[in-house]
């Protein structure tokens with residue numbers, strides 16, 4: 001047999017083996033398929049983390065070239081560990097000029113509370129408890145995301161949506177001791193219950209979600225707009241509508257109220273504990289270096305990046321492009337609830353966020369758009385290329401932002 005024939009035979013055997021393996025996987029139940037995709041994505045992320053750790057030099061937390069577990073337990077993970085060890089301060093720490101300093105009130109309580117409970121039950125150290133809860137939450141989130149996507153797409157497209165979700169450039173945060181995996185699990189569950197109109201069941205989920213990360217305000221806004229739209233629709237029709245019954249409207253209104261109150265719960269807790277009504281806001285703005293002024297940071301960042309003319313226009317262009325995207329046919333197929341969530345969450349970021357390197361991580365709650373990206377084309381080549389691109393960009397995110405490096409003028413770029 002010639003060399004060419006031998007290579008063709010080897011290639012054909014490999015293709016046949018891949019096809020057989022694919023056939024076996026397709027016979028698995030949906031949860032096993034989703035789990036396989038998610039675990040494979042996390043193993044790839046772990047390899048990227050370990051490779052980046054080999055190049056990690058001197059840093060504020062541990063010696064150079066740390067192992068995998070030390071390397072993922074940095075940045076905000078240390079703050080969650082601080083919450084477990086010492087709780088939240090009753091007085092805001094300040095410098096000699098009276099300026100509030102970085103402190104634990106910026107970190108919501110549900111994630112460290114669960115880790116503290118796990119440590120108490122098992123005796124494991126807090127860092128291990130935080131990591132385990134984050135990893136299990138990320139896995140559970142992938143399962144719920146699939147179920148959510150199945151309401152709008154077929155099995156294959158929903159699986160690709162999970163693949164996009166699991167490999168997104170900042171998806172590596174789903175396996176580190178951050179609150180994002182837990183929040184995404186609760187957010188996906190809340191959206192699923194709202195789509196199913198199981199508003200009473202959604203109430204405890206929304207309360208917990210609002211205690212995990214600051215997503216309560218946009219979620220309450222989404223529910224409020226949905227309630228008003230359905231109320232107006234019912235009033236215009238003049239007749240009872242089985243799909244928008246009075247009972248459902250009352251329950252949706254109650255859920256909106258619960259979400260609104262829950263969104264204010266953590267700032268209220270900071271006020272009650274410290275006696276300062278602005279305790280939470282003052283703490284959050286420490287990291288941005290100036291007081292909270294709605295919208296302004298986007299224009300300041302635009303001017304820094306694009307100059308005094310284009311920089312002022314840049315936020316308007318960005319908002320226009322995002323709004324246009326929400327009306328593209330693949331995104332319209334997501335349904336009112338998920339599109340409305342995307343609009344409210346992005347609106348929340350535009351009003352309150354200070355754009356910086358952590359902004360990439362804060363885009364994760366827009367995960368429903370992953371299904372819209374899948375529905376853009378049925379081509380496997382397109383979908384596979386997106387996954388490959390995401391994994392390459394994941395390398396960039398981990399090496400550029402997760403690995404610590406001091407900037408020439410001091411400070412660093414946080415992930």
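The values are calculated or read from the model by the stated rules, or taken from the named source; none is laboratory data. Everything numeric in this text was worked out from a predicted model, so none of it was measured. Don't worry about glycine lacking a Cβ; one is built from the backbone with ideal geometry, like all the others, and counts go over all protein chains shown.
Restricting to region 293-336, give me the number of residues that are over 18 Å from residue 355 (Cα atoms) and either without any contact (Cβ under 8 Å) to a residue 60 or more places away in the chain or in a helix (DSSP H, G or I) (or both). Selection size over region 293-336: 12.
Here is a check on your reading of the model: is residue 163 farther than 20 Å from residue 208 by Cα, touching a helix residue (DSSP H, G or I) at 6+ places or on another chain (Cβ under 8 Å) and part of a helix (DSSP H, G or I)?
Yes.
Considering region 283-310, the residues that are touching a helix residue (DSSP H, G or I) at 6+ places or on another chain (Cβ under 8 Å) and more than 21 Å from residue 363 (Cβ to Cβ) include one that is surrounded by the most Cβ atoms within 10 Å (Cβ to Cβ), namely 283. Can you spot a residue in region 182-199 that is without any contact (Cβ under 8 Å) to a residue 12 or more places away in the chain, over 30 Å from residue 329 (Cα atoms) and surrounded by fewer than 23 Cβ atoms within 10 Å (Cβ to Cβ)? There is no residue in region 182-199 that is without any contact (Cβ under 8 Å) to a residue 12 or more places away in the chain, over 30 Å from residue 329 (Cα atoms) and surrounded by fewer than 23 Cβ atoms within 10 Å (Cβ to Cβ). When region 398-415 is filtered for residues that are more than 30 Å from residue 337 (Cα to Cα) and surrounded by 12 or more Cβ atoms within 10 Å (Cβ to Cβ), the ones remaining, listed by number, are 398, 399, 400, 401, 402, 403, 404, 405, 406, 412, 413, 414.
Residue count for region 357-386 satisfying the condition of being part of a loop (DSSP other than H, G, I, E, B), closer than 21 Å to residue 174 by Cβ and out of contact with any helix residue (DSSP H, G or I) (no Cβ under 7 Å at 6 or more places or on another chain): 2. For residue 215, the test of being under 25 Å from residue 147 (Cα atoms), surrounded by 17 or more Cβ atoms within 10 Å (Cβ to Cβ) and in contact with a helix residue (DSSP H, G or I) (Cβ under 9 Å, 6 or more places away or on another chain) is passed.
Taking the criterion of being in contact (Cβ under 8 Å) with a residue 40 or more places away in the chain and more than 26 Å from residue 129 (Cβ to Cβ), would at least one residue in region 210-218 satisfy it? Yes, some residue in region 210-218 is in contact (Cβ under 8 Å) with a residue 40 or more places away in the chain and more than 26 Å from residue 129 (Cβ to Cβ). Just so you know, in region 41-50 the residues that are free of Cβ contacts under 8 Å to residues at least 60 places away in the same chain and either more than 19 Å from residue 162 (Cα to Cα) or touching a helix residue (DSSP H, G or I) at 6+ places or on another chain (Cβ under 8 Å) (or both) include one that is surrounded by the most Cβ atoms within 10 Å (Cβ to Cβ), and it is 50. Only one entry in 209, 135 is part of a helix (DSSP H, G or I), surrounded by 24 or more Cβ atoms within 10 Å (Cβ to Cβ) and at pLDDT 95 or above, namely 209. Determine the pairs where a residue that is under 13 Å from residue 175 (Cα atoms), located within region 56-73, has a partner that is exposed (fewer than 12 other Cβ atoms within 10 Å of the Cβ) with Cβ atoms under 8 Å apart, the partner being 6 or more residues away or on another chain. Going by the 8 Å Cβ cut-off, there are no qualifying pairs. In this entry, residue 389 is excluded by the filter for residues that are assigned to a helix (DSSP H, G or I) and either within 16 Å of the chain's Cα centre (by Cα) or crowded, with 17+ Cβ neighbours inside 10 Å (or both).
For region 70-90, a residue qualifies if it is surrounded by 12 or more Cβ atoms within 10 Å (Cβ to Cβ) and assigned to a helix (DSSP H, G or I), and the qualifying residues are 70, 71, 72, 76, 77, 78, 79, 80, 81, 82, 83, 84. When 140, 104, 115 are checked against the criterion of being modelled with pLDDT of 95 or more, more than 13 Å from residue 84 (Cβ to Cβ) and either surrounded by 16 or more Cβ atoms within 10 Å (Cβ to Cβ) or over 20 Å from the mean Cα position of the chain (by Cα) (or both), 140 stands alone in meeting it. Test of understanding: among 214, 204, 181, 218, which residue is within 14 Å of the chain's Cα centre (by Cα), in a helix (DSSP H, G or I), modelled with pLDDT of 95 or more and more than 23 Å from residue 35 (Cβ to Cβ)? Exactly one residue qualifies, and that residue is 218.
The sole residue among 34, 25 that is at pLDDT below 95 and within 23 Å of residue 167 (Cα to Cα) is 25. The single condition among (1) over 22 Å from the mean Cα position of the chain (by Cα); (2) over 24 Å from residue 219 (Cβ atoms); (3) without any contact (Cβ under 8 Å) to a residue 24 or more places away in the chain that residue 405 does not meet is (3).
Does residue 259 qualify as being farther than 28 Å from residue 191 by Cβ, surrounded by 14 or more Cβ atoms within 10 Å (Cβ to Cβ) and touching a helix residue (DSSP H, G or I) at 6+ places or on another chain (Cβ under 9 Å)? No: the conditions fail for residue 259.
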